[in-house]
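Here's the structure, in structure tokens; my notes come after.
The values are calculated or read from the model by the stated rules, or taken from the named source; none is laboratory data. Note that the coordinates shown come from a computational prediction; the quantities given were computed from them, not determined experimentally. Here the Cβ positions follow ideal geometry from the backbone for every residue, glycine too, while neighbour counts run over all protein chains shown.
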Amino acid sequence: MFYKFAKTVVHVILAIIGGRFQVQNKNKIPKAPFVVVSPHTTWIEIIYLGFALYPTSIHYMAKQELFKGRFLNWLMTHLNAFPVNREKPGPSSLKAPIRLLKNGKVVGIFPSGTRNQSNIQLKRGAVTVAYKAGVPLLPAVYDGPKTIKELLKRKKIIIRFGDLIHLNESSREQKDILEEKSTELLATFDTLRQEIKTMKK
């Protein structure tokens with residue numbers, strides 16, 4: 001209930017101060033459960049991805065520092081977020097998202113948008129979660145303002161979804177599947193960005 005209330009309030013505020021919002025390829029969104037993955041470049045992206053998937057709720061993977069203190073812990077929990085140690089992600093980090101997916105929920109994972117080795121590992125973590133839970137990956141990219149100042153200039157905001165990445169293969173080694181699908185995910189992000197850029201010309 002709090003998630004829906006907060007979503008409505010924020011949506012009204014951003015509709016007033018923000019620019020036009022467009023969701024592209026919404027027909028690619030499957031029924032839950034699935035993992036939605038987007039290269040994280042700004043907190044604004046996370047909010048608009050929630051709008052793009054509504055009324056489906058996203059359970060966000062968030063760094064554990066955001067849960068420090070009673071109020072922040074309460075707020076993040078009621079916004080459907082769960083903590084993870086992003087500096088040292090380990091097997092225990094997979095338990096919460098896999099449990100949510102097994103219960104028919106949608107999990108959102110937002111590694112940083114660069115291609116350095118640590119972020120490749122985080123993207124591989126998203127693939128691992130989807131693989132172990134037996135659900136598809138839904139790639140998405142955000143194009144729009146990165147700061148409040150840019151948001152107030154009412155720049156157009158786009159969320160573009162890509163084709164589902166399925167991991168239900170059993171004929172090969174897990175390591176090979178995760179490696180291949182992680183590479184495919186990175187390539188899909190690049191393709192989606194290029195498609196947006198082409199349409200804007």
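General remarks:
- Helices (runs of 4 or more DSSP H) wholly inside segment 1-96 containing at least 1 residues that are modelled with pLDDT under 65 and of a type outside the set (Phe, Trp, Tyr): 2-17, 70-78
- The residues of segment 125-170 that are free of Cβ contacts under 8 Å to residues at least 40 places away in the same chain and on the phi < 0 side of the Ramachandran plot, listed by number, are Gly125, Lys132, Ile148, Lys149, Glu150, Ile165, His166, Asn168, Glu169, Ser170.
- Of all residues in segment 162-189, those being assigned to a loop (DSSP other than H, G, I, E, B), within 16 Å of the chain's Cα centre (by Cα) and farther than 12 Å from Ala140 by Cα number 0.
- Count of segment 176-201 residues which are among the basic types (Lys, Arg) and at pLDDT 90 or above: 3
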